[in-house]
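Asker: One structure is given below, represented as structure tokens, and several questions about it will come after.
The values are calculated or read from the model by the stated rules, or taken from the named source; none is laboratory data. None of these values were measured; they are calculated from a predicted model. For neighbour counting, all protein chains shown are included, and Cβ atoms are generated from backbone atoms with ideal geometry for every residue, glycine included. Please note that ligands, DNA and RNA were not included when accessible areas were found on the heavy atoms of the full protein model with its side chains. Shrake-Rupley method; radii C 1.70, N 1.55, O 1.52, S 1.80 Å.
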Amino acid sequence: MKNLCFYFQVHQPFRLRKYHFFDIGNHHDYFDDHENSTILRKVAKNCYFPANQLMLDLIRHHGGDFKITYSISGTALEQFELYMPEVIDSFRALADTGCVEFLAETYAHSLAALKSKEEFIKQVKKHSEKIEKLFGQKPKVFRNTELIYADWIGEMVASMGYKGMLAEGADHTLDWKSPNYLYYNPGNPKLKLLLKNYRLSDDIAFRFSNQSWPEWPLTSEKYVQWLNSIPAREETVNLFMDYETFGEHQWHSTGIFDFLRALPGKVLQGSPYQFVTPSENIHLLEAVAPLSMPLPVSWADQERDLSAWLGNDLQDDAFDTLYALENKVNACNDKSIQRDWLYLQTSDHFYYMCTKYFSDGDVHKYFNPYNSPYDAFINYMNVLTDFTLRIDKLLEQKVKKVKIAINPAAVSSMKRKAISKTVAA
Amino acid sequence: MKVLMFGWEFPPHISGGLGTACYGLTKGLLQNDMEVMFVIPKAFGDEATGNIQLISADSIQVPQYSLANEFLSEKFTYYGLNSELVPYLDNEQFRQYSATLTKTTIQKRESTFYSHFRFSGQYGKDLMSEVWNYALVASQIAQDNSFDIIHAHDWLSFPAGVLAKQISGKLFIAHIHATEFDRSGEHINQHVFEIEQQGMQLADKVIAVSEFTKAIIVNRYNIPADKVVVIHNATEHNKPEHATYIDKDAFPEKIITYLGRVTFQKGPEYFVEAAAKVLARDKNYRFVMAGSGDMLNRMIKKAAGLRISSHFHFTGFLKGRDVDRIFAMSDVYVMPSVSEPFGISPLEAVRSDIPVIISNQSGVKEVLKHAVKIDFWDTDAMANAIYALTRFKGLSKMFVRESKKEMENLKWGIQAKKVKELYQQQLKSIQ
């Protein structure tokens, strides 16, 4: 038997409203409720509802032989709760079948792993608690934002007790090796690595409706043939993709739902593959070799590196400015500050600032609220400036309170100052 | 005395200082008991005319026979009607304009005997042909009206002034608010340069808005120095109502402001560099670049590259109340222009009680003695001055107080009187 592992990413960012320089200091309402709820409703209608229903039908139809996996970001879950709680219910119905695994990730779909171990761990814990609360299962396998993986990120994840982690099967790291085996982190053999078969994944996620693709139209028969043509000794095929592939990236009219409806039956009857979740896959397979990725690898764009989010001056300046606030935020202990801090870390904000528009521009434009990366940057920095001022003000008040507590005499001196000020005015 | 005046824009439809200056001067002339007929290519109907007789060139009927005017092509080298040259536009604006103005001005409403020209009144793709059509209309206006003297503002209306002079035989004053060298540095547009030069050669007298501009006119255009008279610009003296703005306390830091188009001429990159120098020493500053232009994205990138974006802000283009608002927040105003014929905004800053730092490469430095003056490239001096004006209260207070006194004498009524005296002198000389 060989294993076929389907994992879908579900994510929505809290997009920022147009926040002008003159808004700084005047209001702290950064997120565009209207835009975010509109987009969520649209995606729910095109994707989440019909796709969840189809998955549920397929699981029931195949009597539990069809298995799938989700990773849902904390910001997406919060948007469901805010704007469309029915979406949560439909995921819960899937969870209740016992054929669906939920993965761990950073709560804010953030790039925290690259900058702060403490923040990273905090967010992973927060996300795990949320998943357990909503779906009744504690995630055992981790997937990082945009599949960003490096040896040292694996080490952090291993230290948190996860058995496995998902990563991109990028050519430049695999070299001659095949992504269709189980590998492990060289420093922590207990952390197993499941690699994305990007050709077969992208055939569905990106090429399915492309009429200039020689393989168009893609049928489930053809796809199973491809699966069958993989050498018999290769043990697993990991198909990782955005969930929005179904109905949003690939519209209903492309036939993507028909393809998905037919595929499990064809796989189960016409191939040596069984469907597994990542945890099962790790349990069933023997890891064949260590796999080292000293530099971060992601699943984005042609480069499969970090250049979609970081690397140009706009992104780096914004990113550094954001994380310079970490200690201050932690000192604040204020709910709305903590919430905004999470939402502002979402990787999408940095994605909008990407200036390499040539090969992957179309993907970057997807639900991008900005006309240009410069607009995205200015808007983000305006918000970040207001956020910084709020934090500084809160901390100042805190210091004052402490001063008063330590030295009551300070109160009278402060009062005196206040009085002399009003007199002067 | 009646003046036939040619301009290109009039408030509120303005792209820069030219329209505002024309408006101020015209009002000043009216105060000095002059009559002014002010011609622009296209009036929108909502201009603040008051007592000014505003004439829209597209309302003038031009007889067919006068369209074949030989004089124009003799005196001016005639460049193609569809020339796509756009002196005042940056790339971004050009794209927008070419999209909207692909075929505009050449359309004439023709009848057998008369035709009307359509003008956009913008700085679009067909600017050159508008300039020539405008001159044709000017000749018709000169024929149909009586007046004593002709006065034209900047190269766009020089052919109109020259043609009106040819038709009427009256004196022609060419007024230079900006030269091609100010707009484009050394990479000048040769066509524009020649129109400017020929206009000034054919004029009876040239008015320059500053000694700085006069020097360019004499050195780069070879106009005799005694033909050029300097009359500085002025500002309107109504105080902005910024007392109501609450933003003053939005930031605990000192606010240093650049306000103007973000183009080569204005020297924005020197402001960014000076900001980085100040912030390297002291984080208690915020820098604001208010305006847009073809160098804006480059400046955003530059600030990010210097890792100062957390303290360097971009507002985009501001107008009206938002300008007053940004002034109300500011502690120092900086104008690092590479080449600024006059530069009215430092005066507006002073009026809002803000001390100013201006470049030596500007005309306004001739009227503001109590401002910090630096060379635009000297970012060390700029950083120093920013620090001094924000840290030493006495200094900035004194500068504001003294500058305001200087501005007392810089009213359009007073400046227009100088223009009137020039007219009288010129008219006397030919009697």
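Asker: Which residue, of A:Tyr380, A:Tyr374, A:Tyr343, is part of a helix (DSSP H, G or I) and more than 14 Å from chain B (Cβ to nearest Cβ)?
Answerer: A:Tyr343
Asker: I'd like to verify a number: residues in the range B:332-354 that are over 27 Å from B:Glu186 (Cβ atoms) and modelled with pLDDT of 95 or more, how many?
Answerer: Number satisfying all stated conditions: 2.
Asker: Can you name the number of the only condition in (1) among the hydrophobic types (A, V, I, L, M, F, W, C); (2) within 8 Å of another protein chain (Cβ to nearest Cβ); (3) out of contact with any Lys or Arg (no Cβ under 8 Å at 6 or more places or on another chain) that B:Ala275 fails?
Answerer: For B:Ala275, the failing item is (2).
Asker: Tell me which residues, restricted to the range A:95-125, are closer than 27 Å to A:Glu326 by Cα, open to solvent by 10 Å² or more (accessible area, probe 1.4 Å) and in contact (Cβ under 8 Å) with a residue 60 or more places away in the chain.
Answerer: If the condition is that a residue be closer than 27 Å to A:Glu326 by Cα, open to solvent by 10 Å² or more (accessible area, probe 1.4 Å) and in contact (Cβ under 8 Å) with a residue 60 or more places away in the chain, then A:Leu114, A:Lys115, A:Glu118 are the ones that fit.
Asker: List the pairs whose first member sits in the range A:299-321 and is within 12 Å of another protein chain (Cβ to nearest Cβ), whose second member is β-branched (Val, Ile, Thr) and open to solvent by 40 Å² or more (accessible area, probe 1.4 Å), and whose Cβ atoms are under 9 Å apart, counting only residues at least 6 apart or on separate chains?
Answerer: Sorted first by the residue in the range A:299-321, then by its partner, the pairs are A:Asn312/A:Thr355; A:Leu314/A:Thr355; A:Gln315/A:Thr355.
Asker: Looking at (1) part of a helix (DSSP H, G or I); (2) in contact with a helix residue (DSSP H, G or I) (Cβ under 8 Å, 6 or more places away or on another chain), can you tell me which one A:His28 breaks?
Answerer: For A:His28, the failing item is (1).
Asker: Further question: So which of A:Asn26, A:Asn52 ends up being within 14 Å of chain B (Cβ to nearest Cβ) and either of a type outside the set (Phe, Trp, Tyr) or touching a Gly at 6+ places or on another chain (Cβ under 9 Å) (or both)? Quick ask: steps written out before the conclusion?
Answerer: Working: A:Asn52 fails: within 14 Å of chain B (Cβ to nearest Cβ).
Just one listed residue meets the conditions, A:Asn26.
Asker: Just checking, how many residues over the range B:306-328 are modelled with pLDDT under 95, open to solvent by 40 Å² or more (accessible area, probe 1.4 Å) and farther than 18 Å from B:Gly17 by Cα?
Answerer: Residues meeting the conditions: 1.
Asker: Shifting gears a bit: Scan the range A:80-94 and tell me whether some residue there is away from every other protein chain (no Cβ under 14 Å), buried (at least 22 other Cβ atoms within 10 Å of the Cβ) and assigned to a strand (DSSP E or B).
Answerer: no
Asker: So, in the range B:284-305, how many residues would count as being open to solvent by 70 Å² or more (accessible area, probe 1.4 Å) and away from every other protein chain (no Cβ under 11 Å)?
Answerer: Of the residues in the range B:284-305, 2 are open to solvent by 70 Å² or more (accessible area, probe 1.4 Å) and away from every other protein chain (no Cβ under 11 Å).
Asker: A follow-up question, please. Considering each of A:Asn26, A:Asn3 in turn, give the residue that is among the polar types (S, T, N, Q) and open to solvent by less than 10 Å² (accessible area, probe 1.4 Å).
Answerer: Working: A:Asn26 fails: open to solvent by less than 10 Å² (accessible area, probe 1.4 Å).
Sole residue among the options that is among the polar types (S, T, N, Q) and open to solvent by less than 10 Å² (accessible area, probe 1.4 Å): A:Asn3.
Asker: Output the number of the condition that A:Phe208 fails; it satisfies all remaining conditions of (1) assigned to a loop (DSSP other than H, G, I, E, B); (2) within 30 Å of A:Gln123 (Cβ to Cβ); (3) touching a residue at least 12 places away in the same chain (Cβ under 8 Å).
Answerer: So the condition that A:Phe208 fails would be (2).
Asker: To continue, here is another question. If you go through the range A:239-250 one residue at a time, do you hit one that is among the hydrophobic types (A, V, I, L, M, F, W, C) and open to solvent by 30 Å² or more (accessible area, probe 1.4 Å)?
Answerer: Checking the range A:239-250: not a single residue is among the hydrophobic types (A, V, I, L, M, F, W, C) and open to solvent by 30 Å² or more (accessible area, probe 1.4 Å).
Residue by residue, here is whether (1) open to solvent by less than 10 Å² (accessible area, probe 1.4 Å); (2) more than 17 Å from the chain's Cα centre (by Cα) holds:
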position	(1), (2)
B:Glu180	yes, no
B:Gln198	no, yes
B:Val206	yes, no
B:Val209	yes, no
B:Tyr221	yes, yes
